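Presented below is the structure to which this report refers.
Just so it is clear, none of the values below were taken in a lab; they were calculated from the coordinates. On a predicted model such as this, the values are computed, not experimentally measured, just so you know. Neighbour counts run over all protein chains shown; Cβ positions are idealised from the backbone, glycine included.
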Amino acid sequence: MVTSLKPVKVSCRPDIYDYEFTPAAIGGNEARVLRYMEKGERLLWASAKIVTRSQAGVATSTFQLGDGDDDDDYIGAFNTDQAAGTIVAGAGAFLATSGGKLYTAQRQLPVTYYANTPGNVLPVVRIRVAITKEW
C-alpha cells in the first residue's frame, strides 16, 4: 500500500518592485544595480515602461535588464526612441521558460543603458519585477 505525503501549505505571494532609472549622462554607457537577488528568491517576470523618450528620430540608445553575467537575460535591448508610456515585456532567456529564474546564490540585478547615438534628451525608464521568496 502506497501512502501519500501530507502537504504543508506554503504562502508564496510575489512582491512587485518598481524602479525608475535615469542615466547620469546622455552620452555615456551606464549600468546600475536595481537590487540583489537573494538565495531562494525567484524572479517571475519583468517589464519596462518608457517615462521620458530620448530624441525622436535620432537616438539609438537602449536599455536592458539582466543579472550580472549577461545584461539582457530578462529584458533584451530596447530603443529609448519610443513614445512615453510604451511598455516593453520581458522576453529574455531567463523568462523564456515557465517559472522565471530561481536564485541559488546572491546575484545582482542591473539595468544597463547603452548610449550608442544618444540624441539630446536624457531618457528615463521604469523597470517593474515580480519576485517571490521560494525557500
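Tabulated values for the structure
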item	result
The chain - charge dipole about Cα centre, Lys and Arg +1 at Cβ, Asp and Glu -1, debye rounded to 20	600
Listed peptides 82-90, 59-67 by packing density, highest first (mean Cβ within 10 Å)	59-67, 82-90
Signed unit charges on C-beta, dipole axis of the chain, positive-most listed residue Leu5, Val124, Asn79	Leu5
Among [x] 35, 13, 12; [y] 25, 16, 14; [z] 48, 24, 8, the entry that matches semi-axes √(5λ) of the Cα gyration tensor in Å as calculated here	[x]
Count of Lys pairs (Cα-Cα under 20 Å; at least 8 positions apart or interchain) in the chain	4
Residues Leu109, Leu34, Leu43, Leu102, sorted so that the one with the fewest Cβ neighbours within 10 Å comes first	Leu102, Leu34, Leu109, Leu43
